[in-house]
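Below is one structure; the comments refer to it alone.
The values are calculated or read from the model by the stated rules, or taken from the named source; none is laboratory data. Nothing here was measured: the structure is a model prediction, and the numbers come from that model. Cβ coordinates were reconstructed from backbone atoms using ideal geometry, including for glycine residues, and neighbour counts include every protein chain displayed.
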Amino acid sequence: MKLETPLCARFGLAVPIIQAPMAGGPSSQELVAACSAAGALGSFGFAYTQPEEMKKQCAWVRAKTERPFAINLFSSPLPAPIAPAAQRAALDAVAGYYREMGLPAPETVTAPYAPDLNAQLDAIAQIRPRVFTVHLNDLNKDRIKQFKTLDILVGGSATCVAEAQRLEQLGFDFVVAQGGEAGGHRGSFLRDPYQSLTGTLALVRLVARAVTVPVVAAGGIMDGEGVAAALALGAGLAQLGTAFIPCPESGASQVHKDLVLAATEDGTRLTEKFSGKPARGLANRFIDEMAAANAPQLAFPAQNAVTGRLRQASAKAGNGDFVALWAGQAAPLSRALPAAELIARIESEAIAAIRNLKGMVHDA
């Protein structure tokens with residue numbers, strides 16, 4: 001038995017699995033290449049990556065495998081420049097942690113706070129990945145048309161039915177239904193993220209009935225049983241992120257990998273304190289103390305720049321107190337396996353789950 005869906009053929013995949021794009025390090029070129037070579041869709045999270053580096057890493061993957069891969073960008077608008085005086089409270093809120101890690105005091109951050117989105121989109125047109133997705137917002141119709149002309153499949157994240165319908169109206173090829181269980185940043189762009197936390201199973205079913213474009217399920221899926229459930233609810237593919245963090249090919253820090261493997265039930269929290277937007281990660285000292293103090297923060301992604309050196313130093317020291325340990329609610333199901341072995345295991349589990357279900361059905 002081979003587990004394939006119509007969307008597998010359209011994407012050029014051997015298995016209905018997407019390795020989720022994880023910006024900030026986990027989606028390394030090694031992980032993307034390994035996942036794509038194994039028949040899944042390896043995905044770059046290039047939200048914070050400059051165009052030339054995007055091209056360099058994609059060329060590296062293409063030298064390793066001819067199979068398709070995806071690129072994801074954050075498409076949310078950047079805030080206006082924030083005056084140094086207006087940053088003081090947010091900087092003071094993390095200054096003690098900087099001292100604790102032996103770092104110089106945090107400095108004011110300057111606009112634009114992130115790579116230029118238009119330059120990144122121009123790079124997408126030059127790279128021409130098989131799949132391109134956006135997170136945190138939609139995309140203008142001219143860009144969608146441009147990418148379709150280049151035979152790039154365009155998708156976007158939706159955390160509610162209204163967002164999925166908006167993406168369909170704009171001409172997106174598919175929708176990624178991101179359930180509340182998902183790790184990392186909430187993809188909300190039409191509603192308050194805290195009012196868009198519908199669970200993956202419910203959201204996938206609701207979105208699949210509300211739009212005619214294919215749906216990808218994302219959030220809390222870690223094994224083949226989860227993939228089988230997503231497909232049964234109408235998803236064409238399942239997107240897994242946290243499951244790939246412990247892989248040796250992952251670019252996540254070792255402390256991130258270790259803590260994901262040690263995760264327990266209800267161990268994740270939503271926080272804005274690392275980046276300025278709600279994101280789910282394993283609870284740690286930074287998240288807990290910043291929340292308890294109701295600490296001030298800058299708008300996204302300026303806050304991400306404020307905490308950047310702290311996060312890097314903490315990860316380098318093997319100290320998880322100040323690392324953004326992005327992870328979904330099903331992190332306790334994680335396994336430390338090479339990417340190809342994990343994908344094969346998940347596919348076998350999904351096939352077994354489907355067979356078991358068929359065995360439970362009998363004629364009356």
Output the number of residues of segment 307-331 satisfying the condition of being surrounded by 24 or more Cβ atoms within 10 Å (Cβ to Cβ), aliphatic (A, V, I, L, M) and over 23 Å from residue 179 (Cα atoms). 1
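Of the residues 342, 357, 261, 270, which single one is modelled with pLDDT under 95 and farther than 22 Å from residue 86 by Cα? Break it down into steps so the answer makes sense when it comes.
On the way: 342 fails: modelled with pLDDT under 95; 261 fails: modelled with pLDDT under 95; 270 fails: modelled with pLDDT under 95.
Checking each option against the conditions leaves just 357.
Results for (1) touching a helix residue (DSSP H, G or I) at 6+ places or on another chain (Cβ under 6 Å); (2) of a type outside the set (Phe, Trp, Tyr); (3) under 27 Å from residue 316 (Cα atoms), shown as yes or no for each residue.
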position	(1), (2), (3)
9	no, yes, no
13	no, yes, no
22	no, yes, yes
27	no, yes, yes
34	yes, yes, yes
49	no, yes, yes
57	yes, yes, yes
77	no, yes, no
86	no, yes, no
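Going by what's in this entry, would residue 186 be described as among the basic types (Lys, Arg) and either buried (at least 21 other Cβ atoms within 10 Å of the Cβ) or in contact (Cβ under 8 Å) with a residue 40 or more places away in the chain (or both)?
Values: among the basic types (Lys, Arg): yes; either buried (at least 21 other Cβ atoms within 10 Å of the Cβ) or in contact (Cβ under 8 Å) with a residue 40 or more places away in the chain (or both): yes.
Answer is yes for this residue.
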Looking only at segment 69-85, which residues are in contact (Cβ under 8 Å) with a residue 24 or more places away in the chain and either among the acidic types (Asp, Glu) or more than 16 Å from residue 54 (Cβ to Cβ) (or both)? 76, 77, 78, 79, 80, 81, 82, 84
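So which residues in segment 58-78 are modelled with pLDDT under 95 and buried (at least 16 other Cβ atoms within 10 Å of the Cβ)? Step through it out loud before you land on a result.
If we filter segment 58-78 for residues that are modelled with pLDDT under 95, which is where we start, we get 77-78.
Scanning segment 58-78 gives a single hit, 78.
Scan 111, 90, 86 and give me the residue that is aliphatic (A, V, I, L, M) and assigned to a loop (DSSP other than H, G, I, E, B).
That would be 111, the only listed residue that is aliphatic (A, V, I, L, M) and assigned to a loop (DSSP other than H, G, I, E, B).
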Some residue of segment 279-287 being free of Cβ contacts under 8 Å to residues at least 60 places away in the same chain and either under 16 Å from the mean Cα position of the chain (by Cα) or not assigned by TED's automatic domain parsing to the domain that holds residue 97 (or both): yes
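Among the residues in segment 14-26, are any assigned to a strand (DSSP E or B) and small (Gly, Ala, Ser)?
Step one: list which residues in segment 14-26 are assigned to a strand (DSSP E or B), which gives 17-19.
Still in the running and small (Gly, Ala, Ser): none.
No - not one qualifying residue is present in segment 14-26.
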Give the residue that is nearest to the chain's Cα centre (by Cα), with candidates limited to residues of segment 229-248 that are of a type in the set (Gly, Ala, Ser) and surrounded by fewer than 24 Cβ atoms within 10 Å (Cβ to Cβ). 236
Before we move on, is residue 358 free of Cβ contacts under 8 Å to residues at least 24 places away in the same chain and either over 21 Å from the mean Cα position of the chain (by Cα) or not assigned by TED's automatic domain parsing to the domain that holds residue 137 (or both)? yes
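Looking only at segment 125-164, which residues are assigned to a helix (DSSP H, G or I) and either touching a residue at least 60 places away in the same chain (Cβ under 8 Å) or not assigned by TED's automatic domain parsing to the domain that holds residue 10 (or both)? If you could, list the steps in order and put the result at the bottom.
Step one: filter segment 125-164 for residues assigned to a helix (DSSP H, G or I), giving 125-127, 141-149, 161-164.
Selection gives 126, 127.
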Do we have any residue at all in segment 73-88 that's under 22 Å from residue 342 (Cα atoms) and not assigned by TED's automatic domain parsing to the domain that holds residue 309? no
Selection from segment 165-214 of residues that are out of contact with any Pro (no Cβ under 6 Å at 6 or more places or on another chain) and within 19 Å of residue 147 (Cα to Cα): 166, 167, 168, 169, 170, 171, 172, 173, 175, 176, 213, 214
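Of all residues in segment 290-306, which are surrounded by 19 or more Cβ atoms within 10 Å (Cβ to Cβ) and either out of contact with any helix residue (DSSP H, G or I) (no Cβ under 6 Å at 6 or more places or on another chain) or assigned to a helix (DSSP H, G or I) (or both)? Show your work before the answer.
As a first pass, look at segment 290-306 and keep what is surrounded by 19 or more Cβ atoms within 10 Å (Cβ to Cβ): 290, 297-298, 300-306.
Scanning segment 290-306 gives 290, 300, 301, 302, 303, 304, 305, 306.
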